[in-house]
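Report on one structure; see the data block that follows.
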Amino acid sequence: MSPADGRGRRAAAEPKAKRGGGDPAHPPAAPKKTGAAAKTTTAVASNLASPSVKMTIASSYSDAREVQRVIREAVERADYDADSQFAIKLSLEEAIINAIKHGNKLDPAKHVHVEWSVTPEAAEIIIEDEGPGFDRQSVPDPTDDSNLQKLTGRGILLIETYMNTVEWSKGGRRVRLVRKNAARGRGVA
């Protein structure tokens, strides 16, 4: 696992019962700000179907863990099934680490902008870095025989496998991830 996975643990001072239920009409409290560059705002975004939360973080793994925690908790409150929770956790981690490591090149002067909306039906997450971007089609296929022994290069494959929709834009600096709540599709609310 990468250094930013958070290991799925809940902060001891924040038990589940005190964070509220899965009622989408009562959004969670504003996320805790971390690092000198962390900024959080709540707004209605034109590209998201419902009210969203925005957070700008420094290019640091500790700030990445915090935004991941906040999004994972929103997904839990919305009663996502275990497979969808895993898919979102894994894809979110990979996308944010890619933005920090490959996009911003760990430059502390650059930031990662994260915007998300979680409803009982779907989670939509947009991650944008301040790096030079990349051409998605030029990324080597990690399942090709010549790449099987490499220790890196599987993040994009995992993201594109686990999310229902993945859209790259702004020259590869921005990725939009959508995962539908599979529990809603089975009649489980």
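What follows is calculated from the coordinates using simple rules that are stated; it is not laboratory data. Being a predicted model, the structure only gives us computed values, none of them experimental. With ideal geometry, Cβ positions are generated from the backbone for all residues, glycine too; neighbour counts draw on all protein chains shown.
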Q) Based on the inverse mean of 1/r over its pairs of different Cα atoms, what is the Kirkwood hydrodynamic radius of the range 118-178, in Å? A) 13.0 Å
**Q.** Residue order, fewest to most beta carbons within 10 Å, for 83, 135
**A.** 135, 83
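Provide 117, 62, 84, 146 in ascending order of the number of other Cβ atoms located within 10 Å of each residue's Cβ, fewest first.
Values: 117 20, 62 13, 84 23, 146 8.
The most exposed by this proxy come first: 146, 62, 117, 84.
Fewest first, what order do 158, 151, 92, 177 take by the number of other Cβ atoms within 10 Å?
Values: 158 16, 151 5, 92 27, 177 24.
Least to most surrounded, the residues fall as 151, 158, 177, 92.
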Q: Could you give me the percent of Cα pairs per 5 Å distance bin for the range 88-189, shortest bin first, beginning at zero and ending with the bin that holds the maximum distance?
A: 2, 12, 21, 22, 18, 12, 7, 4, 1, 0
Q: List the equivalent ellipsoid semi-axes of the range 59-99 in whole Å, largest first, each obtained as the square root of 5λ for an eigenvalue λ of the Cα gyration tensor.
A: 20, 11, 5
Q: Starting at the first residue of the range 126-132, write each ³J(HN,Hα) from the Karplus equation 6.51 cos²θ - 1.76 cosθ + 1.60 with θ = phi - 60°, in whole Hz, x for Gly and Pro.
A: 10, 10, 9, 9, 10, x, x
Q: Quick one: which residues, 5 or more positions from residue 173 or on another chain, have an amide H under 5 Å from its amide H? H modelled 1.01 Å from N in the peptide plane, none for Pro or chain starts.
A: 134
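Which value, in debye to the nearest 20, describes the size of the charge dipole of the range 36-185 about its Cα centre when Lys and Arg Cβ atoms bear +1, Asp and Glu Cβ atoms bear -1, and nothing else is charged? Can you show the working numbers first?
Values: 20 positive and 22 negative charges, 68 e Å.
About 320 debye.
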